Amino acid sequence: MPTPEAGEARIIIETGLDRRIAEIIEPVLVALGYKLVRARLMNQNGLTLQVMAEKNDGTMTVTDCEEVSMAISPVLDVEDPVEKAYHLEVSSPGIDRPMVRKSDFTRWQGHIVKCETSILVDNRKRFRGKITDVDADGFTLERDQVAYGEEPRVKIPFNTLSEAKLILTDDLIRDALRADKQAKAQAANQNDEDSDA
């Protein structure tokens, strides 16, 4: 599977205060070699700011989460976008992850995604099915439930997406574990080459 492009912009971004928070923390994450997946303020345990991030190779360890947390906390304290007290929670996007970049759709082609569009596409706004094809403008979805009169495949333009998320399946778990193992092996090989130099 190709790894996502390091400087690739997200096609699904936050709105309102979540967007302001993302604008504050994203440059910090990028400077450290991470990509922001999503920032979301939730009414959970009082108020929780959930930040999902990952390394450019798609991995994210507990140590990485701590590094991100320690780097963005002071910036959030200075900018102070949230008027109330909140808990900061930094995590990986997980296996059933939000899909926020075009490369996410390429990387997880062949897997089932659930998505919502901001405008009607083929007389619908909600879709679920397997990603069968991806190009620069959008992706083709093979629906897992076809209503009467609908085509089994639908092309969804990236610029219409408001939300997209992978659906947890056995195939997804297998492929995600394989991709994680490959990324860790590549990182270990890179570390060995760096120490030999």
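All of the numbers you see were taken from the coordinates with simple rules; none came from a lab. Keep in mind that what you see is a predicted model, and the values were worked out from it rather than measured. Neighbour counts are summed over all protein chains in view; Cβ atoms, including those assigned to glycine, are modelled from backbone coordinates with ideal geometry.
Rank-order 115-122, 127-134, 188-195 by packing density, defined as the average count of other C-beta atoms within 10 Å over each peptide's residues, highest first.
Most protected by this proxy first, the peptides run 127-134, 115-122, 188-195.
Roughly how many nanometres apart are two label points built 7 Å out from the Cα toward the Cβ at A9 and N45?
It works out to 3.4 nm between the two label points.
Across the range 88-98, in residue order, what do the Karplus-derived ³J(HN,Hα) couplings come to in whole Hz, using 6.51 cos²θ - 1.76 cosθ + 1.60 with θ = phi - 60° and x for Gly and Pro?
Result, rounded to whole Hz: 9, 10, 9, 8, 7, x, x, 6, 8, 7, x.
Please work out, to two decimal places, the log10 of the ratio I(q)/I(0) at q = 0.10, 0.15, 0.17 Å⁻¹ from a Debye calculation in which every Cα of the chain carries one identical scatterer.
At q = 0.10, 0.15, 0.17 Å⁻¹ the computed log10 ratios are -0.47, -0.98, -1.18.
What is the ratio of the Cα radius of gyration of the range 108-166 to 2.2 N^0.38 Å, with N the residue count, to two decimals?
Against the empirical 2.2 N^0.38 Å value, I get 0.99 for the range 108-166.
So how tilted is helix 16-31 from the main axis of the chain? Cα-based, degrees 0 to 90, rounded to 10.
Roughly 60 degrees between the two axes.
Please list, in order, the residues from the range 69-99 whose amide nitrogen is less than 13 Å from a point placed 7 Å along the Cα→Cβ vector of E23.
Answer for the range 69-99: 81.
What does the charge count around Q50 come to, taking other residues whose C-beta lies under 10 Å from its C-beta (Lys +1, Arg +1, Asp -1, Glu -1)? Can you show the working numbers first?
On the way: positive: R38, R40; negative: D18, E89.
Once all neighbours under 10 Å are counted, the net charge is 0.
Long-range amide H contacts for F139: which residues qualify at under 5 Å (H placed 1.01 Å from N, peptide plane, sequence gap of 5 or more or a different chain)?
Long-range HN contacts for F139: I156, F158.
By its C-alpha gyration tensor, with a ≥ b ≥ c as the square roots of the eigenvalues, how is the range 16-91 shaped: rounded for a/c under 1.5, else prolate for a/b larger than b/c, else oblate?
Taking the square roots of the gyration eigenvalues as a ≥ b ≥ c, the range 16-91 is prolate.
How large is ³J(HN,Hα) for each residue in the range 159-169, as worked out from phi by the Karplus curve 6.51 cos²θ - 1.76 cosθ + 1.60 (θ = phi - 60°), to whole Hz, x for Gly and Pro?
6, 9, 5, 10, 7, 8, 8, 5, 9, 5, 9
If you fit an axis through the alpha-carbon atoms of helix 170-196 and take the longest principal axis of the Cα set of the chain, what angle between them do you get, 0 to 90°, nearest 10?
On a 0 to 90 degree scale, this one is about 40.
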